[in-house]
Amino acid sequence: MSMFENDNYRWRETYFVQFDKKKRPTLEQVQKRLTIMGDQCELATARADEDGRFESLTIIAHEDFAALDISYIEGDEVLEQGEQFAAELTGSECECEVEEAKKLALLEKYDGRFDVLHFEQVTESGEREDPDEMLDPSSLLLVLDILVDMTDGVAVDPQCGTLM
């Protein structure tokens, strides 16, 4: 089940982790790495392909008032979008650091991607019961770091046009 189907969560943003599809991890590998998050998250609706490779996973991070839907895609669409990201980011007016320039060059070659959809927990009224409770990006950032590390990939924030 996607978090889009859950009225207690509202979509906030989408991030991408682009990588060489040959480095696609198994679902078991991803779940094992996510144990670092401990009891602060709940893994749900995990799916793998017939070879055990990661397909999709939902993470509910109660303490962060957040949830993540992660899904895998590959192919021409990913290559085209990687080229588009690289062109947009290269065309920006800021000077790229050497490390960022390397990541940009890789984006054009990557044919695998995790789509990481970030959701905010809300009440039935669409707002929080306690206004002091805020969406915390900690679980999102940790998951992005784990996925990048596992795949030697590059995380992209397309809304801001930045590499992470």
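Every read-out reported here was derived from the displayed coordinates using simple, explicitly stated rules and does not represent laboratory data. None of these values were measured; they are calculated from a predicted model.
For this structure, a couple of remarks:
- Rounded tilt (10° steps) of 76-90 against the dominant C-alpha axis of the chain: 80 degrees
- Were the residues from Arg12 through Thr90 laid out at 0.36 nm apart, the gain over their Cα-Cα distance would be 25.5 nm.
- Helix-only CD estimate at 222 nm, as mean residue ellipticity for the chain, using -39500 (n - 2.57) per DSSP H run (n ≥ 4): -9000 deg cm²/dmol
- Size descriptor for segment 3-163, Kirkwood hydrodynamic radius: 16.5 Å (Cα pairs only, one decimal).
- 5 angstrom amide H check on Val122, placed H, neighbours 5+ away: Tyr9, Arg10
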